[in-house]
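*Asks:* Below is the structure I would like to discuss, written out as structure tokens.
The values are calculated or read from the model by the stated rules, or taken from the named source; none is laboratory data. The shown structure was predicted, so the numbers you read here are calculated from the model rather than taken from an experiment. FYI the Cβ positions are ideal-geometry reconstructions off the backbone, even for glycines, and counts take in every protein chain you see.
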Amino acid sequence: MKFILGTKGKMLTVFTEEGRAFAATIINAAPNTVTQIKTKEKDGYSAVQVGALEKKEVRVRKPQVGHAKMIGTGKSLSKFKEFRSGDAKETEGVEVGAKIDVSIFTPGDKVAVSAISKGKGFAGVVKRHGFHGGPRSHGQKHSERSPGSIGGSGGRAGGRVAKGMRMAGRLGSDRVTVKNLAVLQVLPDTNELVLAGAVPGKFGTLVEIRG
């Protein structure tokens, strides 16, 4: 089981030795600290909790400060995440206080990346769901981007709007997971991973990487 927390960096183009070009994303992943081991006997499931992103103590919530001090790191960690394991054997040998860095990955590994996507605010159906809108002719002056009928009063839904109807609303700010992204480069000196493709979120977003 391979996992690490990091932040989204800039995008760039990476050329392989064969001359193939990849759109890639840099992940800044400073060494994570194992802060807790959860077991099926005590917690009901197997997981490894890690802490990352060191900050000044005054900028970290007190429960998080106390949690980090319990393991004797002497540092204030602002982000904690659990990585669950279906097999308890995968967590064997992992100790509280241990460091996890980008060297656990190798070029060619396939990883899944989870993060909070960019928030785009309130959006209409054309932007949010890809609706084509109304016709641009025959006197329809103000309905080019309207959703059209929602069928609420035709008896299909009992005179109400059917649950799950695609309409205008908040777009983005959702947890998104992108699977099967290839690791192109591992840079332990700068604590960076270079992943092929795009990663959810904006610059600096916290990302979870699982191998």
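*Asks:* Any residue in region 10-37 that's under 27 Å from Ala68 (Cα atoms) and in a loop (DSSP other than H, G, I, E, B): show its pairings with residues that are of a type in the set (Lys, Arg) and at pLDDT below 95 at Cβ separation under 9 Å, as long as the two are six or more apart or on different chains.
*Replies:* From region 10-37, the pairs are Pro31/Lys99.
*Asks:* Going through region 1-29 one residue at a time, which ones are aliphatic (A, V, I, L, M) and surrounded by fewer than 19 Cβ atoms within 10 Å (Cβ to Cβ)? It would help to see each step written out before you state the result.
*Replies:* So in region 1-29, the residues aliphatic (A, V, I, L, M) come out as 1, 4-5, 11-12, 14, 21, 23-24, 26-27, 29.
Answer for region 1-29, where residues must be aliphatic (A, V, I, L, M) and surrounded by fewer than 19 Cβ atoms within 10 Å (Cβ to Cβ): Met1, Met11, Leu12, Val14, Ala21, Ala23.
*Asks:* Kindly provide the set of residues from region 105-133 that are surrounded by fewer than 15 Cβ atoms within 10 Å (Cβ to Cβ) and either more than 18 Å from the chain's Cα centre (by Cα) or farther than 28 Å from Ala24 by Cα (or both), ordered by number.
*Replies:* Within region 105-133, Thr106, Pro107, Gly108, Gly121, Phe122, Ala123, Lys127, His129, Gly130, His132 meet the criteria.
*Asks:* Can I ask one more? Has region 70-84 got at least one residue that is within 22 Å of Val183 (Cα to Cα), crowded, with 17+ Cβ neighbours inside 10 Å and modelled with pLDDT under 90?
*Replies:* No, there is no match, as no residue in region 70-84 is within 22 Å of Val183 (Cα to Cα), crowded, with 17+ Cβ neighbours inside 10 Å and modelled with pLDDT under 90.
*Asks:* For region 190-211, how many residues are part of a strand (DSSP E or B) and either β-branched (Val, Ile, Thr) or under 20 Å from Gln49 (Cβ atoms) (or both)? Walk me through it before giving the result.
*Replies:* Step one: list which residues in region 190-211 are part of a strand (DSSP E or B), which gives 192-196, 206-210.
Then drop every residue that is not either β-branched (Val, Ile, Thr) or under 20 Å from Gln49 (Cβ atoms) (or both), which leaves 194, 206-210.
The qualifying residues number 6.
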